[in-house]
Every structure is written in structure tokens, then in C-alpha cells.
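The values are calculated or read from the model by the stated rules, or taken from the named source; none is laboratory data. Owing to the predicted nature of the structure, the values given are computational and were not obtained by experimental measurement. Counting neighbours? That spans all protein chains shown, and the Cβs are built from the backbone with ideal geometry, glycine included.
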Amino acid sequence: MSKLTLSIVIIFIAILGISVYSVNTDSNYGDLKKQLKASHILHKPDKKLHNFSLVDHNNEVFNNARLQDQWTLLTFIYTHCPDVCPTALMDMASIKSKLIDNGLESMPGFVAITFDPKRDTPKVLKTYVRYFDKDFIGVSGEQSQIDKLIKPFGTYYERSIEVDGNTVTIPNGAELPKGVKNYSINHTAWLYLLSPDGQIFAGFPTPHKPKAIAQDISLMMSQY
Amino acid sequence: MFKTMKTTLLLSIFLLGAKSAFAMHHQHNSEQNHDEKLIINEPWVRAAPANAPMLGVFMQIQNHSNNDAKLISADAAGYQRVELHRTMEHHGVMKMIKQDFMPIAANNQLNLKPGSWHIMLIGPDAVPAEGDVVNIKLTFNNGTSQIINAVVRKGKMTMKHHGSHHH
């Protein structure tokens, strides 16, 4: 075999290998998507979470490094939320117990980050979040850090106050009018799965279906 | 034969009379107190963390009358405020919207459940524990009110599920 033929064969094999590899890793996870019941793949290799630094409920730093080397199921909450957030946290607890029932070997981390760090201090979150499951981690920190963090998730929130019987919306980042203490927060309530590279991998819209989500999580973890 | 018929007839008249007397009595009562036509089923408070600033209350309100009804307020001792709310989704954003009243249409029912209509207990003196009972006074637009005993329990189970889990 001439050197030229050998080179061609090697190049051909290399191209074949690369194409097979890219089909297998399937950067868009097309095959995986078809099998999922309650999830949207949000994996975008070119879009990374920027660096952030928050504080967990034990006053330990919670940053990108805390999302590395393990899967994480994450949501955003606030504790002055009587309906949607307790439901989301209960759903997370239910997903966790279903993952245990399914015999999942390495459990993801479970994280709830507050939209409302002014009222939800680490101490408040420690009591609140751990009520739903002792392993849940509550995360607070600077509002500006949280506002930056939520963007790539596509998560949205706005505060809502009552002025003379009318509901007024205060956009994300703006100050509350002076003297206003009571406000509620309108917000999206997806759960998110982050892969061990610390990046957003999938999202679960409302209403959450714990059983189907747990099955999807097992599938994603095995086919990642 | 005639005697038997006569007895049966008399008995029937008697029973009919008794029945209508009972119905009248019933009617009389319900006119004084419309609560009998507004029936509250399985009221419950969602168990919450010890520092929860807000609690959700859920139930089913049946309106067995031919008139539309409105729940106009709820009160409970030990809370700063009690409000009527509804969670609504708008383009994926969950909004909690305070309501002036909850409508219960004639011969219909309203389900208060997570993610939908709910009563909000705001600023508890102490968060009730699972199994505790919270007394809540509901006032309707016809001037009647009733006190319900809402049990504190976990879960967002629907009534159906709750029924099947009932021991």
C-alpha cells in the first residue's frame, strides 16, 4: 500500500470516526429527547453559566465549583410563597424519593436558590428548605448575583405590590417604593437539571410530574 | 280488602304529610341559615416549615342553591391577615392574584387547590403542626358565615387521592 493510499485510508477512518463519534454523542441529544416524557433539553455547549458566588444555608460559599462533578436538580423559590414554591419543593422531594426507589446510585444534589435574598437569609432558608428534605440546600446571596445567575436559565421574576387596592409590578432590579414591605413575587417555576460540568442540561416546566421527571433524570444521567 | 286499602291510604297520607312537614322544617332552617346549601368539603391547611410566613388553605365549596354565591372573606385567630388568592399562570409566569371574592356558581362547586384558588393565612403567630386543626370563619355574600375546621396535612393530594388514602 502506497503512502498516499495509507494516508487516504487513515484520513477516511478518522473522518468516519469523528462522524460516528458525533452521532453517538449527538450534541443535540436528538435520540435522548425522543425518550423524554417531562423534560426539555436545554443543553447548549456554547453557552456557559458565568461565574457566580452565592451563600448556602450554612453560610458556605455556593459557586460554580459546587455544581461540578455531580448532577444537580435546582429551582428558584421565595419563602413568602404560599402555593407555587412549596409545591415545587414537595415535587423535588417526591422526585428524590422516586430516584431512590428506581435504585439510582449517585443521587443528584438538590438546590433551591431564593429570588428574595433580603427576606430569605441563609438562616431562614436552612429551616425552610430542609423541612421538605433534610438534604436540600438553600442558597441566598446578593440580589445582583442572583439576577445575573437566572438569565441563562430563562427564569423570570418580578415583584408585585398593592397600592390603593391596585396591583403594581416592580421589575427585576428596580427598587421598591419607600415604606413598602409586603410584596409577592410572580415567577417562573421550572426545575432544572445541571450536568456534572456545572452547566444547564434540562428543564422541567410546570406543572411538574415527579414520576416522569424521575424517569427522565435517570435516563439523562445514563445517556450523558 | 277495603280496610287494607283504607289503612294504606291513610298511612300514605300520613307519611306524605310527615315528609312535607319535614321538608318545610328543612326549608325553614335553610332560610334562616343558608350554610346548609353551601357545603364545605375536606378543608385542609398545607403543612409548612416552622418559619413559613404564609400558609395555603384548600377545600371544596359546594353550592346546592339556585343562587350564585360568593365567598367574601375568611378569618382565623392567630394570623396577621387572611386573604383570598388565586394562582394563575401567564406565559409560564406564576402569579398570585389577590381576590375580592371567590365565586361559587348556583348548583356548582369551587375547588380550592394548590396552583389555583386558595385562602392565604399570612403572618402566623405560630405555624401549626401537621395534624393540628385551624378554625377558619368563612363569610358569604348572603350574610351567612360558617366556621370550618381545617386539618393541617402534607401534600398536594387531590380530594380523590385523599379519599382513597383515608383510613
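Per the listing B:81, B:86, B:153, B:46, the residue uniquely under 17 Å from residue A:82 (Cβ atoms), surrounded by 20 or more Cβ atoms within 10 Å (Cβ to Cβ) and of a type in the set (D, E, K, R) is B:46.
Conditions (1) out of contact with any strand residue (DSSP E or B) (no Cβ under 6 Å at 6 or more places or on another chain); (2) more than 10 Å from chain A (Cβ to nearest Cβ), marked per residue:
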{"position": "B:43", "(1), (2)": "no, yes"}
{"position": "B:51", "(1), (2)": "yes, no"}
{"position": "B:57", "(1), (2)": "no, no"}
{"position": "B:71", "(1), (2)": "no, yes"}
{"position": "B:82", "(1), (2)": "no, yes"}
{"position": "B:91", "(1), (2)": "yes, no"}
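Checked against (1) surrounded by fewer than 18 Cβ atoms within 10 Å (Cβ to Cβ); (2) closer than 23 Å to residue A:129 by Cβ; (3) of a type in the set (S, T, N, Q), residue A:223 passes all but a single condition, namely (2). Applying the set (1) among the aliphatic types (A, V, I, L, M); (2) surrounded by 15 or more Cβ atoms within 10 Å (Cβ to Cβ); (3) modelled with pLDDT of 95 or more to residue A:61 leaves exactly one unmet item: (2). Condition check for residue A:72 on (1) β-branched (Val, Ile, Thr); (2) out of contact with any Pro (no Cβ under 6 Å at 6 or more places or on another chain); (3) more than 14 Å from chain B (Cβ to nearest Cβ): one failure, at (2). Scanning region B:116-135 for residues that are aliphatic (A, V, I, L, M) and within 14 Å of chain A (Cβ to nearest Cβ), we see that the one that is surrounded by the fewest Cβ atoms within 10 Å (Cβ to Cβ) is B:126.
Could you tell me whether any residue of region B:98-109 is touching a Pro at 6+ places or on another chain (Cβ under 9 Å) and either exposed (fewer than 14 other Cβ atoms within 10 Å of the Cβ) or in contact (Cβ under 8 Å) with a residue 24 or more places away in the chain (or both)? No, every residue in region B:98-109 fails to be touching a Pro at 6+ places or on another chain (Cβ under 9 Å) and either exposed (fewer than 14 other Cβ atoms within 10 Å of the Cβ) or in contact (Cβ under 8 Å) with a residue 24 or more places away in the chain (or both). With respect to residue A:72, is the statement that it is of a type outside the set (A, V, I, L, M, F, W, C) and over 17 Å from residue B:52 (Cβ atoms) true? For residue A:72, the condition - of a type outside the set (A, V, I, L, M, F, W, C) and over 17 Å from residue B:52 (Cβ atoms) - is met.
Here residue A:70 meets the list (1) surrounded by fewer than 16 Cβ atoms within 10 Å (Cβ to Cβ); (2) of a type in the set (S, T, N, Q); (3) in a helix (DSSP H, G or I) almost entirely, failing just condition (3). Kindly indicate whether any position in region A:76-84 is touching a Ser or Thr at 6+ places or on another chain (Cβ under 9 Å) and either farther than 23 Å from residue B:90 by Cβ or assigned to a helix (DSSP H, G or I) (or both). Checking region A:76-84: at least one residue is touching a Ser or Thr at 6+ places or on another chain (Cβ under 9 Å) and either farther than 23 Å from residue B:90 by Cβ or assigned to a helix (DSSP H, G or I) (or both). Cβ-Cβ contacts under 7 Å between residues 6 or more apart (or on different chains), taken from a first residue in region B:64-88 that is more than 23 Å from residue B:108 (Cα to Cα) and free of Cβ contacts under 8 Å to residues at least 12 places away in the same chain to a second residue that is surrounded by fewer than 18 Cβ atoms within 10 Å (Cβ to Cβ) and not basic (Lys, Arg), are absent.
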